[in-house]
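Heads up: the structure comes next, in structure tokens.
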Amino acid sequence: MNKFTPPRQATARTVDEITGSRRLRRMRKADWSRRLVQENRLTVDDLIWPIFVMEGENRREEIAAMPGVFRITADLAAIEAERAARLGIPAIATFPNVDIQRRDETGSHILDADNLINRTTRAIKAAAPEVGVITDVALDPFTSHGHDGILRDGIIVNDETVAQVAAAAVLQAQAGADIIAPSDMMDGRIGAIRDQLDAAGYQDVAIMSYATKFASAFYGPYREAIGTQGLLKGDKKTYYLDHANSDEAVREAEQDLAEGADMLMVKPGLPYLDIICRLKDEFRMPTFAYQVSGEYAMIAAAARNGWIDGDKAMLESLLAFKRAGCDGILTYFAPKVAEMLKG
Ligand code: PBG
């Protein structure tokens, strides 16, 4: 039998001796003192709301892998933008589910001034001009293979993609986009987009660089949302960052800033808080995180099963971005959080 032997009382120090009377729990003792010393806070001003749009009128479809998130038509996007304005959400980011017959090898439909993404921008701007519109300028919703670039002989060709993306950015600015957010990770895209925007007279249109976009499994539900999940052949490792790398992420951000990016984004979010922290420390630029579809799905699915408190997990995850140094977060929870913060 093991008999319990008490520690040698004679030499044991008291807690006050151990801590030198510094007791960190003192400030945690009550709600008022916890509020008083709280370092970071989430507000509605931190939110960017990503929405999915599709062709048609007055229709919405729930995305199976993202419970509570819908694909909506442009007219409904305008109504949602009015809701964003009422809630005080500063900006909306749009992602189109392009009709399959419009998709081709080069994503040429991105160069149609009247395509779904541009019509959505116009509808939102007409309904709620005070809400910022951020458009993704990548080719993946437009290509028949689901890649973000033009595919030639099995290779995503950089320079041709950059030229097309930069031309598309001008059309998006023309439609009323306030911020162009290229998510394709091609080399030189930021500088090329800046040149084209300036040449077309859009000096005031900003660029939010998806500076550090990692090749990630967390984009799964997004690909269902925009209908690329069955199309994508292979992976995106020749253009997205290796998720093992952190120094390379800093170099990407540095390059994008040198080319003219106004804001940086890290994507996905929660698994990459270290990258957010590094970029903010290094560059002191407006820095954003994209809490991506898979991150949303994990919280939403666990909450639906009663395995976690969904609202608390949502708020904790969003505050973590603030703590890491984010100025704002792209999150599918945006309308829900905004409502909670209001009420
Ligand atoms: C691609 C793009 C992706 C997302 C937005 N634009 C990634 C991808 O499909 O590879 C992901 C967003 C999300 O998962 O919420 N340009």
* Here are some conditions: (1) in contact with a Ser or Thr (Cβ under 6 Å, 6 or more places away or on another chain); (2) modelled with pLDDT under 95. Thr11 meets all but one. Which one does it not meet? -> (1)
* Out of the stretch 131-154, which residues are part of a loop (DSSP other than H, G, I, E, B), more than 11 Å from the ligand (Cβ to nearest atom) and out of contact with any Pro (no Cβ under 9 Å at 6 or more places or on another chain)? -> Ser144, His145, Asp153, Gly154
* the stretch 216-241 - residue that is under 18 Å from Leu273 (Cβ atoms) and of a type in the set (A, V, I, L, M, F, W, C) and, of those, farthest from the ligand (Cβ to nearest atom) -> Leu241
* To do: Restrict the check to the stretch 164-173 and report whether at least one residue is assigned to a loop (DSSP other than H, G, I, E, B) and either under 30 Å from Cys277 (Cα atoms) or in contact with a strand residue (DSSP E or B) (Cβ under 8 Å, 6 or more places away or on another chain) (or both).
  => no
* Qualifying position, being under 23 Å from Ala91 (Cβ atoms), modelled with pLDDT of 95 or more and either of a type in the set (S, T, N, Q) or surrounded by 21 or more Cβ atoms within 10 Å (Cβ to Cβ) (or both), among Phe283, Phe333 -> Phe333
* Selection within the stretch 155-168 - within 16 Å of the ligand (Cβ to nearest atom) and either open to solvent by 10 Å² or more (accessible area, probe 1.4 Å) or closer than 19 Å to Thr228 by Cβ (or both) -> Ile156, Asn158, Thr161, Val162, Gln164, Val165, Ala168
* Consider Gly154 carefully, then state whether it is touching a strand residue (DSSP E or B) at 6+ places or on another chain (Cβ under 7 Å) and at positive phi. => no
* Quick one: is Ala261 among the aliphatic types (A, V, I, L, M), within 16 Å of the ligand (Cβ to nearest atom) and open to solvent by less than 20 Å² (accessible area, probe 1.4 Å)? -> no
* Please verify whether the stretch 162-173 includes one or more residues that are modelled with pLDDT of 95 or more and closer than 13 Å to Tyr239 by Cα. => yes
* **Selection within the stretch 76-90 - more than 14 Å from Tyr332 (Cβ to Cβ) and either open to solvent by 50 Å² or more (accessible area, probe 1.4 Å) or in contact (Cβ under 8 Å) with a residue 60 or more places away in the chain (or both)** => Ile79, Glu82, Arg83, Arg86, Leu87, Gly88, Pro90
* So which of Ile308, Ile299 ends up being in a loop (DSSP other than H, G, I, E, B) and either open to solvent by less than 30 Å² (accessible area, probe 1.4 Å) or not polar (S, T, N, Q) (or both)? -> Ile308
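Of Ala81, Ala126, Ala93, which residue is assigned to a helix (DSSP H, G or I), among the hydrophobic types (A, V, I, L, M, F, W, C) and within 20 Å of the chain's Cα centre (by Cα)?
Step by step, each of Ala81, Ala126, Ala93 is checked, and only Ala81 is assigned to a helix (DSSP H, G or I), among the hydrophobic types (A, V, I, L, M, F, W, C) and within 20 Å of the chain's Cα centre (by Cα).
Among what's in the stretch 314-330 and is closer than 15 Å to Asp45 by Cα, part of a helix (DSSP H, G or I) and aliphatic (A, V, I, L, M), pick the residue that is least open to solvent (accessible area, probe 1.4 Å).
So in the stretch 314-330, the residues closer than 15 Å to Asp45 by Cα come out as 315, 318-319, 321-322, 325-330.
Still in the running and part of a helix (DSSP H, G or I): 315, 318-319, 321-322.
Filter once more, keeping what is aliphatic (A, V, I, L, M): 315, 318-319.
Numbers: Leu315: 56, Leu318: 0, Leu319: 58 Å².
Selected residue: Leu318.
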* Working only within the stretch 50-68, note down all residues that are away from the ligand (no atom under 12 Å from the Cβ), in contact with a helix residue (DSSP H, G or I) (Cβ under 8 Å, 6 or more places away or on another chain) and in a strand (DSSP E or B). => Val53, Met54, Arg60
* Given the conditions (1) under 29 Å from Ile100 (Cα atoms); (2) more than 19 Å from the chain's Cα centre (by Cα); (3) open to solvent by 10 Å² or more (accessible area, probe 1.4 Å); (4) of a type in the set (A, V, I, L, M, F, W, C), and given that Ile193 satisfies all but one, which numbered condition is not satisfied? -> (3)
* Structure fact -> Restricting the stretch 205-258 to residues that are aromatic (Phe, Trp, Tyr) and in contact with a Lys or Arg (Cβ under 6 Å, 6 or more places away or on another chain), the one surrounded by the fewest Cβ atoms within 10 Å (Cβ to Cβ) turns out to be Tyr240
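The values are calculated or read from the model by the stated rules, or taken from the named source; none is laboratory data. Just so you know, these numbers come straight off a predicted model, no measurement behind them. Here the Cβ is made from the backbone with ideal geometry for all residues, glycine too, and neighbour counts use every protein chain on show. Accessible surface is based on the protein model in full, side chains and every heavy atom, while ligands, DNA and RNA are left aside. Shrake-Rupley method; radii C 1.70, N 1.55, O 1.52, S 1.80 Å.
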